[in-house]
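Report on one structure; see the data block that follows.
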């Protein structure tokens, strides 16, 4: 018996089938991205930076500052900080912060960790409670006003609790990211300058003195992660196993939509004759 007697054809059904066909592709892509991330993270292991370190790595070392910040509460030099701020009388809050690239002292070479997109897991270094209507320093006020919610809470004179997390100089960290040698950057820069010349003259680009021999940044499919709070890594950054199911659910969803649309087209043709 033909399947067309069991599957009714309707406008709503065809719209739903078309939606399934469209949604299947992105669902498969997100599942494949999650699978690649999980596989990469599972292969990583803590190691010291070496001249041959290349690709996705998990490096351990200590933080050395090149252009230090100063944490707002503890007033210590750091590579970055965040302030988690919550109102004590309302379920509201926000987060503000700043960070810069730093040098990771590790193994036989130094690695410069770029300030690229990703997560920095930093330990709590200070806390402060601000009473209702209490004035804060101009620097702290400017920081809090960067977040609209925190600006509204300050205008309302709400009591606040501020938790500072920072990456201080000398802290032991684990860095997960894509490592590349500085020589690769120098070669790329030389090629770029030679390509923009107008007289055909050769352009020599020397490696800057004192520049770290490795650079670590984020790259697809992994972002840069800096772990300094002692929490487990790197699998803590792995996407949920449920997202990986998109590699199966996406094609099945697309196939189901196409089968229904083909069935609807056949039923329409048969109905005309």
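Before moving on, here are some points about what is shown:
- The lone criterion from (1) in contact with a helix residue (DSSP H, G or I) (Cβ under 9 Å, 6 or more places away or on another chain); (2) surrounded by 15 or more Cβ atoms within 10 Å (Cβ to Cβ); (3) assigned by TED's automatic domain parsing to the domain that holds residue 121 left unmet by residue 20 is number (3).
- Candidates are the residues of segment 165-193 that are at pLDDT 65 or above and not in a strand (DSSP E or B); the one that is surrounded by the fewest Cβ atoms within 10 Å (Cβ to Cβ) is 170.
- The listed residue being more than 18 Å from residue 224 (Cα to Cα), more than 18 Å from the chain's Cα centre (by Cα) and assigned by TED's automatic domain parsing to the domain that holds residue 109, out of 74, 53: 74
- Among the residues making up segment 106-125, those that are in a strand (DSSP E or B) and surrounded by fewer than 16 Cβ atoms within 10 Å (Cβ to Cβ) are 119, 124.
- Inter-residue pairs, beta-carbon under 8 Å, first on the phi > 0 side of the Ramachandran plot and in segment 96-107, second modelled with pLDDT under 90, 6+ apart: 107/47; 107/48; 107/49; 107/50
- Restricting 119, 127 to residues that are touching a strand residue (DSSP E or B) at 6+ places or on another chain (Cβ under 7 Å) and under 28 Å from residue 217 (Cα atoms) narrows the list to 119.
- Taking segment 95-105 as the range and being over 19 Å from the mean Cα position of the chain (by Cα) and crowded, with 19+ Cβ neighbours inside 10 Å as the test, only 104 passes.
The values are calculated or read from the model by the stated rules, or taken from the named source; none is laboratory data. For clarity, every value in this text was computed on a predicted model and none was experimentally measured. Glycine also receives a Cβ, built like all others from the backbone with ideal geometry; neighbour counts cover every protein chain displayed.
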